[in-house]
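S.K.: One structure, as C-alpha cells, below. Some questions next.
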Amino acid sequence: MSGKTSHREPTGVLQWLFERGEETAGQVFEELFRNRSVTDGVAKTIRRAAQTKGQIDRNMQTLLSLLNLPSRADYHKLLTKIEALQGSILNLNMKLDRLLAASAAKPKIRPKKVPGQESRVPGPESRAPSSESPTSKEPS
C-alpha cells in the first residue's frame, strides 16, 4: 500500500472549511466573530479600505483636473444640462408646430381694393433701382 490515506488532507484553511460543509463553516465564523478583537480587526480593515478608496478618488480627480480631462461628475453635469436643453427644444418644436397649424387653419384676410386707389405696397416694377443692385454697378 502506498502511504496515502483514504481521505485527502486539506491544503489550506478554506479547503478545510469547504470540506467540513456549510454548517461547520457557519459555526467557525460565528465563533470567530464572537471574539471582540476579530470584529474590531474586520471593522478597522473595512474602514481603512473606505478611506483608501476616498483618497484614490481624490487623487484621480486631481490628476484629471491637471490633465484638463473631464471626470465622471463633470460628464454627469453636462449630461444633465444636455437633457434639459433637449427638453426645451422639444417644447419649442411643439409650440412652433401648434403655431404653424393655427396659422395654416386661419383664412387669410386680404384688404378689399377700392377703385381709384393704388395698393399700399408698391410692386417690384414700380420701385426705383437701388444703388446696391447688381445692374447699377459701375465697372472698376
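S.K.: Give the residue, chosen from 113, 95, 81, that is over 35 Å from the mean Cα position of the chain (by Cα) and not assigned by TED's automatic domain parsing to the domain that holds residue 28. Even if it seems obvious, please write down each step before you answer.
M.R.: On the way: 95 fails: over 35 Å from the mean Cα position of the chain (by Cα); 81 fails: over 35 Å from the mean Cα position of the chain (by Cα).
Exactly one residue qualifies, and that residue is 113.
S.K.: Could you pull out the residue among 51, 15 that is in a helix (DSSP H, G or I), surrounded by 11 or more Cβ atoms within 10 Å (Cβ to Cβ), without any contact (Cβ under 8 Å) to a residue 12 or more places away in the chain and out of contact with any strand residue (DSSP E or B) (no Cβ under 8 Å at 6 or more places or on another chain)?
M.R.: Numbers: 51 fails: surrounded by 11 or more Cβ atoms within 10 Å (Cβ to Cβ).
Just a single option satisfies the conditions, and that option is 15.
Residues checked against (1) closer than 30 Å to residue 12 by Cβ; (2) modelled with pLDDT of 75 or more:
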residue: 28; (1), (2): yes, yes
residue: 40; (1), (2): yes, yes
residue: 48; (1), (2): yes, yes
residue: 64; (1), (2): no, yes
residue: 71; (1), (2): no, yes
residue: 78; (1), (2): no, yes
residue: 109; (1), (2): no, no
residue: 116; (1), (2): no, no
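The values are calculated or read from the model by the stated rules, or taken from the named source; none is laboratory data. For clarity, every value in this text was computed on a predicted model and none was experimentally measured. Note: ideal-geometry Cβ built from the backbone for every residue, glycine included; neighbour counts use all protein chains shown.
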